[in-house]
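Taking it in order: structure first as structure tokens, then the write-up.
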Amino acid sequence: MTGEAPDTAYCLGCGYALRGLPEAVCPECGRAFIPDDPTTYQDGSAKWPWPFRPQAPPRWQAPVLAVAGALYVYWSGGPGGLSGSLDFGACLIIPVAGATVCVLALDYFGRSVAVRTDRARALLDRGERTQGRGWRWSVLPLFLTLILSVHLWSWPLRGRFHLSRPAFARAVQQIQSGADPKTLQGWIGLYEVHDISDWGTGVIFFRAGWLGWFDPVGFVYRPSDTPRSRGDERLARFWFTKTE
């Protein structure tokens, strides 16, 4: 802990200027630093800041990932998942979102490694442990667990359809009674149905979006409850999704 930090050194914990201090400890927050190790403080003159600091992820990740998770759950509740709900917009949003999550995961991994290698220096801290804030470390793992659970069990789709099933059942009864399907288009339960087609033998298709550029997605009612076709998913007795 000998030597003196450069004039452009600032504390990683609070941003306090570290130049001219009698000892290698920030007087503002008590965080220790090593003058000869630029990874233990922020150098304002560096062209590229140290990418993996021994700190918890920033606070802004929590609200951003919370909103992203809520939107993902909502969009995944439609037939065809995210692609079917966003139609053509998914071609742009999905790769951008995927790249963003990869960057956040890399940042998370780098920060966790930096914290482990920084334990010896952290023992010299005199204030609050700057590596703490445990709740911040849980945000990204919880977000990834949420995304994985949606892919494994399709629970947003099943839950949303379960709430909408009575409305779809009433629409089927009206069509079977001779009602024009076009008059029933619009919001049915929690889904906006753009088109209703009677495929014959009692099979009725409710289109709720598009998968890719040309493939319609929606819900199929089959009175015989026959085994699902390729790409379909059984939601309840007589009800399936059409995803390709």
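Table for the structure above
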| read-out | value |
| --- | --- |
| Span from the the stretch 170-189 Cα centroid across to the the stretch 9-45 one, whole angstrom | 69 Å |
| Cβ-based charge dipole, the chain, positive-most Cα from A9, C91, V73 | V73 |
| Highest average packing first - 154-166, 80-92, Cβ atoms within 10 Å | 80-92, 154-166 |
| Accessible-area composition of the chain, carbon plus sulfur, in percent [1.4 Å probe] | 61 percent |
| Hz values of 3J(HN,Hα) by residue in the stretch 64-73 - Karplus curve (6.51, -1.76, 1.60), Gly and Pro given as x | 5, 5, 5, 5, 4, x, 5, 5, 5, 5 |
| Three-way shape call for the chain based on the alpha-carbon gyration tensor, with the a/c threshold at 1.5 | prolate |
| Per-residue HN-Hα couplings for the stretch 170-176 [Karplus 6.51, -1.76, 1.60; θ = phi - 60°; Hz; x = Gly/Pro] | 5, 5, 4, 4, 5, 5, 5 |
| Leading residue at positive end of dipole, the chain (Cβ point charges), from G186, T226, P22 | T226 |
| Å² of accessible area per residue within the chain, as computed with a 1.4 Å probe and no ligands counted | 57 Å² |
| Dipole magnitude (debye, nearest 20) for the stretch 70-175, charges at Cβ of Lys, Arg, Asp, Glu | 340 debye |
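The values are calculated or read from the model by the stated rules, or taken from the named source; none is laboratory data. Just so it is clear, the model here is predicted, and its values are computed rather than measured. Note: ideal-geometry Cβ built from the backbone for every residue, glycine included; neighbour counts use all protein chains shown. Protein only, heavy atoms only, side chains kept; ligands, DNA and RNA dropped before computing areas. Shrake-Rupley method; radii C 1.70, N 1.55, O 1.52, S 1.80 Å.
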